[in-house]
Amino acid sequence: MRFFSTVFANAMEVPMSDNTASRTLLVLLRLSMAWVFLYAASHQVFADWSVAGFLGSTKTFHSLFSPLTAPGIAAVLTVLVGYGHLAIGLSLLSGFLVRLSSIFGIALMLLYWMAHLDFPYVSNTTNLLLDEHIVYALILGLLIVQRAGHLYGLDGWVAKHEPLPHNRFVDWAFA
């Protein structure tokens with residue numbers, strides 16, 4: 001938790017971009033990331049899918065991921081991953097709790113990057129150390145810092161109406 005407090009310590013003071021092009025691009029990035037997570041959820045929540053096949057084929061970090069393919073653990077992880085994608089996607093789509101969902105999205109993207117890594121390549125030989133998972137994580141970080149939930153999202157509405165008592169986490173999540 002100290003990592004996030006250090007990285008995003010001044011995020012509440014970073015003003016949103018004042019020009020229309022930057023705001024439009026930020027909304028489009030948020031909606032694009034929502035699509036990425038919702039499309040993944042559509043194959044995981046509404047289909048017969050399991051994390052066991054994916055985690056069983058990891059290479060560089062096989063000893064880390066292979067224990068997670070045990071039947072009991074894989075069943076729980078399958079539900080968490082599928083519905084996690086759905087929750088993150090809906091959060092980004094609605095602009096509600098964008099900062100919080102983006103943190104979970106970054107964690108997922110970094111785990112997926114590790115799972116795809118066949119050092120020094122990621123997924124295939126055309127990706128040397130970097131692939132779309134790192135780019136997605138960076139975009140999600142931008143959404144956190146730029147308060148993207150305030151642009152045509154519910155975070156801005158909630159922040160104005162202050163329905164919850166003030167505390168540091170709530171203020172940060174909706175700021």
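The values are calculated or read from the model by the stated rules, or taken from the named source; none is laboratory data. From a predicted model like this one, the values you see are computed outputs, not experimental measurements. Positions of Cβ are generated from backbone atoms using ideal geometry, with glycine treated the same way; all protein chains shown enter the neighbour counts.
Across the stretch 105-118, the number of residues qualifying as in a strand (DSSP E or B) and within 21 Å of the chain's Cα centre (by Cα) comes to 1. The residue list 70, 75, 87, 34 contains one member that is crowded, with 19+ Cβ neighbours inside 10 Å and among the small types (Gly, Ala, Ser), which is 34. Within this structure, residue 121 fails the test of being of a type in the set (Ser, Thr, Tyr) and under 17 Å from the mean Cα position of the chain (by Cα).
One residue alone among 26, 117, 64 is touching a residue at least 40 places away in the same chain (Cβ under 8 Å), exposed (fewer than 15 other Cβ atoms within 10 Å of the Cβ) and among the aliphatic types (A, V, I, L, M), and that residue is 64.
Any chance the stretch 8-18 includes a residue that's out of contact with any Leu (no Cβ under 6 Å at 6 or more places or on another chain) and modelled with pLDDT of 75 or more? Yes, the conditions are met somewhere in the stretch 8-18. For residues in the stretch 82-129 being of a type in the set (Gly, Ala, Ser) and at positive phi, which is modelled with the highest pLDDT? Selected residue: 95.
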